[in-house]
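Here the structure comes first, spelled out in structure tokens, and everything after it is commentary.
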Amino acid sequence: MKNKGNGNGRAVSQLTKADFTSSNEVRWCPGCGDYSILSQVQKLLPTLGVPKENFVFVSGIGCSSRFPYYLDTYGFHSIHGRALPIATGVKVANPDLSVWVITGDGDALSIGGNHFIHALRRNPDINILLFNNRIYGLTKGQYSPTSEMGKVTKSSPFGSVEQPIRPVNVALAAEASFVARTIDRWPHHLSEMIKKAFDHKGTSLVEIYQNCNIFNDGAFFEYTEKDVKDDNTLILEDGKPLLFGKDNDKGVILDGVTPKMVKLGDKYSEKDLLVHNEKEDSPIMANILANIEFYGGPLPLGVFRSVERPCYEDMIEDQIEDVINKNGEGDIQKLLSSGYTWTVN
């Protein structure tokens, strides 16, 4: 597995979490899930073998988008919904950089919805961490594109009548080459997914369920509370059968094209279960897994899809080189003066 562009080959001195912690005061609400994500990223960055000056974090607007202030790296706190085209431009201009995008469900999926789709289909070698708390937190509690139908908020006092966007499904439909999901309250799994995203060559999306304890507290408790989480979640592991439950006594089989939850025992055993293959070229099975909840199943967490596809910046570079080889170096002044021109008086 190739690493992200990690610079010019210079030796990387031993860095620590402190080297990636800025002096800026963190201004998230006490108890916010963003703290967990920030901590895991700060711990992980020193281990990646990338020169510190080669990290760039780009964010849009929202609570999560304050992230670059709290990292001692290069970064942009950019425009609402526009972090992805900026990050794509950074990567194309300097492919050696390790480029990360921090965004939220409102930033990425509402005003930034188009950019989200187009970044994923282009496949630049960038990492997207999508903080999904199913609410607009920064503006104090309006329903977001991922809020569930019926959600009562200040802007939907009688309940939202909109079908929520499901980021994993959208990403798979856009032919994303890496798609994963994790939860802020599962720090080890969170760190593992971020590391896998970094290792992937191409655009990697990690959807992170993140608790907003002020405006949407408990949105994901069914997946995080000790007494229920094992029955409500399904850990995706490449090459392993789809097992879940407190006693690992439940599994997933395929009935035609419909996932079916079964209990292991007399009728079914592990050998009857679906085996996860995150490297399957077709996104069909990943889509089926992403929809298991619709069939009364648990929430899948882990890597849905990880496949190789050419990267946007590499294809641009190859194309430019090919054209130069055929036509020679261009002349910008000659180009501007060619064809139909006029003089403004």
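From the protein chains alone at 1.4 Å, what is the descending order of accessible area for 299, 336, largest first? Display every interim value, and only then the final one.
Values: 299 0, 336 115 Å².
Sorted descending by solvent-accessible area, the residues read 336, 299.
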(message) In whole Hz and in residue order, list the ³J(HN,Hα) couplings for the range 123-140 that follow from phi through the Karplus curve 6.51 cos²θ - 1.76 cosθ + 1.60, θ = phi - 60°; x for Gly and Pro.
(response) 6, x, 7, 10, 10, 10, 9, 9, 7, 10, 10, 6, 7, 8, x, 4, 9, 6
(message) If I take R0 = 35 Å and measure r between the Cβ atoms of residue 238 and residue 315 in this structure, what FRET efficiency does the formula 1/(1 + (r/R0)^6) give, to the nearest 0.05?
(response) 0.80
(request) Please list, in chain and number order, the residues 5+ apart from residue 33 or on another chain whose amide H is under 5 Å from its amide H, with Hs placed from the backbone. (result) 211, 213
(request) Indicate, rounded to the nearest 5 percent, the antiparallel portion of the DSSP beta bridges found entirely in the chain. (result) 35
(message) Given the options 139, 128, 210, identify the residue whose Cα lies farthest towards the positive end of the charge dipole of the chain (+1 on Cβ of Lys, Arg; -1 on Cβ of Asp, Glu).
(response) 139
(message) With only alpha-carbon atoms in the gyration tensor, what are the semi-axes of the equivalent ellipsoid for the range 227-345, in Å, largest first?
(response) 55, 16, 12
(message) Tell me whether the range 230-281 comes out rounded, prolate or oblate; compute the Cα gyration tensor, take square roots of the eigenvalues as a ≥ b ≥ c, and use a/c under 1.5 as the rounded threshold.
(response) oblate
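So what is the 222 nm mean residue ellipticity for the chain from helices alone, if each DSSP H run of at least 4 adds -39500 (n - 2.57) and you divide by all residues, rounding to the nearest 500 deg cm²/dmol? Intermediate results must be reported in sequence, preceding the final value.
Values: 10 runs with 88 residues, N = 345.
One gets -7000 deg cm²/dmol as the mean residue ellipticity at 222 nm.
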(request) Quick one: what are the phi-derived ³J(HN,Hα) couplings along the range 153-166, Karplus 6.51/-1.76/1.60 with θ = phi - 60°, whole Hz, x for glycine and proline? (result) 9, 5, 9, 9, x, 10, x, 5, 10, 9, 5, x, 6, 10
(request) Scan around residue 71 for amide H atoms under 5 Å from its own, H built in the peptide plane at 1.01 Å from N, and keep only partners 5 or more places away or cross-chain. (result) 22
(message) Highest mean first, how do 143-155, 95-107 rank when packing is the count of other Cβ atoms within 10 Å averaged over residues?
(response) 95-107, 143-155
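Give me the Kirkwood hydrodynamic radius of the chain, using the inverse of the mean 1/r over all pairs of distinct Cα atoms, in Å to one decimal. Could the numbers behind the result be given before it?
Numbers: mean 1/r = 0.0463 Å⁻¹.
Hydrodynamic radius (Kirkwood, Cα only) of the chain equals 21.6 Å.
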(request) Return the sequence-ordered ³J(HN,Hα) values of the range 211-223 in whole Hz as given by the Karplus equation 6.51 cos²θ - 1.76 cosθ + 1.60 applied to θ = phi - 60°, using x for Gly and Pro. (result) 6, 9, 6, 9, 10, 8, 5, x, 4, 10, 4, 5, 9
(request) Please state the charge dipole magnitude for the range 112-243, taken about the Cα centre, from unit charges on C-beta atoms (+1 on K and R, -1 on D and E), reported in debye and rounded to the nearest 20. (result) 420
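What pairs from 196/250; 195/246; 91/334; 196/246; 17/195; 240/263 go past 22 Å between their alpha carbons?
Details: 196/250 27 Å; 195/246 27 Å; 91/334 28 Å; 196/246 26 Å; 17/195 15 Å; 240/263 17 Å.
Over 22 Å apart, Cα to Cα: 196/250; 195/246; 91/334; 196/246.
The values are calculated or read from the model by the stated rules, or taken from the named source; none is laboratory data. Quantities reported herein were computed from a predicted structural model and do not represent experimental measurements. Note: ideal-geometry Cβ built from the backbone for every residue, glycine included; neighbour counts use all protein chains shown. When the accessible area is computed, the model is the full protein with side chains, heavy atoms only, and any ligands, DNA or RNA have been set aside. Shrake-Rupley method; radii C 1.70, N 1.55, O 1.52, S 1.80 Å.
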